[in-house]
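Below is one structure, written out as structure tokens; comments come after it.
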Amino acid sequence: ARPPFAPSTPSIQSFRSSPIPPPHTHTPNPPDLPPPPLLSVQPMEGRRCRRRGRRRSLHAVVAACVSAALLVTVLLRSPARREPVVPGADPLLLSLSPSAGLLSRPRTRQLDGAAAAWRPDIRLPARHRRERFIAHATTTTAPPEASTSIHDQQLRASGLEKGERRSFGCDVGGRTLQITYDVFPPAAGVEGSVPTLFLATPSFVPSRATFGDLASAMSKKAGPGGLAAILTELPGYGLNDATLKDLDAYKPELFRGFLQKFLPHVSSEYGKPINVVSAGHAAFYVLDAVKEVPESVGSLFLVNPTYRGPLTTVKMKQKDNPIVPNLVDALCGGIAAAYQLPDPIGNAVHATQCSEGSIKKAMLSHVFEDPTNVTPDAVTINQKFAAEGERWGKCAFLVGRTDPYPRREDAAAFHGSGAPVPTAICVGAKEEDIFRKDLSFLLESGIPMIVTPGAQRNFVEYPEAVAEAAMDFFRKE
């Protein structure tokens with residue numbers, strides 16, 4: 001007779017149906033049954049052990065990565081890697097310097113002889129912070145000599161004197177916005193100077209430099225006091241494109257809230273209301289903001305103002321068609337999805353929209369009036385405006401996310417009573433009929449329309465003519 005616990009070779013059937021005894025217990029075998037195969041559970045237990053081992057290895061790798069990230073963070077935030085704070089320098093710019101590290105925050109330093117102590121800038125989450133302004137004057141010249149950006153290159157070519165690049169920041173809806181703006185002489189405080197803000201349009205080719213020639217021409221026509229020209233773009237565009245890093249951040253209420261804080265800030269720098277020259281979608285954003293802060297603005301000169309983009313216009317004009325609006329929505333969704341693909345695919349999608357043929361076709365159709373002005377150099381400059389920097393703002397413009405008023409009825413209801421400050425509209429002759437029809441609610445409220453040669457970029461194609469019209473309007477007001 002076999003001993004009660006003698007090992008035996010289990011059959012396939014015993015693997016499937018034999019009971020597994022509890023650990024550390026032994027039950028004598030009934031006389032009519034074969035002994036339970038103790039080794040039958042070893043294959044399953046082996047697989048479980050291997051799985052547990054793999055999980056533990058994965059946890060160890062994750063823990064090591066987290067530890068390394070924390071170590072790098074500590075090293076980057078250590079005082080040894082900080083740049084010294086120069087009196088008068090902009091803490092915001094210092095915090096963005098290469099040696100400060102990507103994870104750095106602005107620090108304040110108290111100088112006491114050779115001893116210096118760093119004090120961290122403790123920042124609460126956005127929902128616990130009060131609305132605040134962050135404004136600093138910088139020692140950076142505008143445009144910087146060393147900059148290779150197409151925006152700065154065109155500012156240098158515009159004939160404007162050397163200026164100063166300043167920074168401004170504020171919280172809007174829990175999001176911190178930080179931008180730069182360029183101030184050209186005469187500086188604040190010059191008696192008789194007229195501070196004029198030039199706000200570039202949020203478009204596929206956005207740049208403060210598009211207003212360089214117009215600002216230079218208006219400065220020459222401003223008289224003895226001169227004209228203090230302030231040039232910038234909305235957050236997410238041009239030299240300010242790094243402010244918004246995702247497509248979902250581009251919303252009309254963000255731009256309105258920003259201007260309601262930026263306009264009073266610039267006005268306070270000069271101690272008087274400022275004049276504003278704006279174009280495209282930015283013109284309607286300025287109109288919206290002036291309703292809330294009319295004391296900050298003296299006069300508005302709106303160049304080819306638009307309240308919605310081309311795709312939205314097609315959709316709304318065919319809103320009774322059962323097919324067209326859905327097709328436009330599908331097209332906009334497809335463009336947005338393609339732009340949001342990870343790099344390098346997303347950048348490649350944007351590059352296809354920046355081709356020479358696409359830019360030239362747009363310039364000939366509605367941007368310029370005279371085809372001879374669409375030179376290879378002009379096409380190249382606009383290609384670089386479109387290609388340089390982040391792609392999110394350009395995509396937002398294409399798919400209509402930056403449209404101030406997708407429905408014309410909403411724009412007419414809000415601005416049908418006119419503007420709270422003296423306002424004029426300037427349009428190019430090529431687009432006059434379109435603007436008279438689209439902006440009839442503004443014209444009926446008493447706002448005059450001035451027509452100059454050109455099309456939607458008449459201030460680029462014919463800056464002298466637009467400058468003359470603008471200065472004549474500002475002198476009357």
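The values are calculated or read from the model by the stated rules, or taken from the named source; none is laboratory data. Keep in mind it's a predicted model, so treat the numbers as computed, not measured. Reconstructed Cβ throughout: ideal geometry from the backbone, glycine too, with neighbour counts over all protein chains shown. Just the protein is used for accessible areas: all its heavy atoms, side chains included, with ligands, DNA and RNA removed. Shrake-Rupley method; radii C 1.70, N 1.55, O 1.52, S 1.80 Å.
If you go through region 290-305 one residue at a time, do you hit one that is out of contact with any Pro (no Cβ under 9 Å at 6 or more places or on another chain), open to solvent by 10 Å² or more (accessible area, probe 1.4 Å) and under 26 Å from TYR339 (Cα atoms)?
No, there is no match, as no residue in region 290-305 is out of contact with any Pro (no Cβ under 9 Å at 6 or more places or on another chain), open to solvent by 10 Å² or more (accessible area, probe 1.4 Å) and under 26 Å from TYR339 (Cα atoms).
Taking GLY400, is it touching an Asp or Glu at 6+ places or on another chain (Cβ under 6 Å), closer than 26 Å to CYS332 by Cβ and either assigned to a helix (DSSP H, G or I) or open to solvent by 10 Å² or more (accessible area, probe 1.4 Å) (or both)?
Criteria not met by GLY400.
Would you check which residues across region 435-451 are buried (at least 17 other Cβ atoms within 10 Å of the Cβ) and either assigned to a helix (DSSP H, G or I) or of a type in the set (D, E, K, R) (or both) and list them?
Scanning region 435-451 gives PHE435, ASP438, PHE441, LEU442.
Does region 196-229 hold any residues that are within 16 Å of CYS426 (Cβ to Cβ) and of a type in the set (Phe, Trp, Tyr), and which are they?
PHE198, PHE211
Does GLY454 satisfy the condition of being open to solvent by less than 50 Å² (accessible area, probe 1.4 Å), at pLDDT below 95 and either aromatic (Phe, Trp, Tyr) or on the phi > 0 side of the Ramachandran plot (or both)?
no
Mind checking which residues of region 307-328 are open to solvent by 70 Å² or more (accessible area, probe 1.4 Å) and charged (D, E, K, R)?
Hits for region 307-328 are LYS317, LYS319, ASP320.
Considering only region 148-245, give the strands (runs of 3 or more DSSP E) lying wholly within it that have at least 2 residues that are in contact with an Asp or Glu (Cβ under 9 Å, 6 or more places away or on another chain) and surrounded by fewer than 24 Cβ atoms within 10 Å (Cβ to Cβ).
163-172, 175-184
Of the residues in region 121-163, how many are at pLDDT 80 or above and aromatic (Phe, Trp, Tyr)?
0
Considering region 418-477 alone, what residues qualify as being under 22 Å from VAL297 (Cβ atoms) and among the basic types (Lys, Arg)?
Within region 418-477, ARG475, LYS476 meet the criteria.
Among the residues of region 371-393, how many are free of Cβ contacts under 8 Å to residues at least 40 places away in the same chain, open to solvent by 20 Å² or more (accessible area, probe 1.4 Å), among the β-branched types (Val, Ile, Thr) and part of a helix (DSSP H, G or I)?
2
Can you tell me how many residues within region 262-281 are within 18 Å of PRO420 (Cβ to Cβ) and surrounded by 20 or more Cβ atoms within 10 Å (Cβ to Cβ)?
8
Mind checking whether some residue in region 263-271 is small (Gly, Ala, Ser), within 20 Å of LEU398 (Cα to Cα) and at pLDDT below 95?
So far as region 263-271 goes, no, none of its residues is small (Gly, Ala, Ser), within 20 Å of LEU398 (Cα to Cα) and at pLDDT below 95.
Using the structure shown, decide if ALA411 is at pLDDT below 95 and among the hydrophobic types (A, V, I, L, M, F, W, C).
When the stated conditions are applied, ALA411 does not pass them.
Exactly one of these conditions fails for PHE368: (1) open to solvent by less than 50 Å² (accessible area, probe 1.4 Å); (2) free of Cβ contacts under 8 Å to residues at least 60 places away in the same chain. Give me its number.
Condition (2) is where PHE368 drops out.
Working only within region 344-361, note down all residues that are in contact (Cβ under 8 Å) with a residue 60 or more places away in the chain and aliphatic (A, V, I, L, M).
Scanning region 344-361 gives a single hit, ILE359.
Whether any residue in region 404-415 is buried (at least 21 other Cβ atoms within 10 Å of the Cβ) and part of a helix (DSSP H, G or I) is what I want to check.
Yes.
Filter region 457-477 for residues that are open to solvent by 30 Å² or more (accessible area, probe 1.4 Å) and over 18 Å from GLU369 (Cα atoms) and give the result.
Within region 457-477, GLU468, ASP472, ARG475, LYS476, GLU477 qualify.
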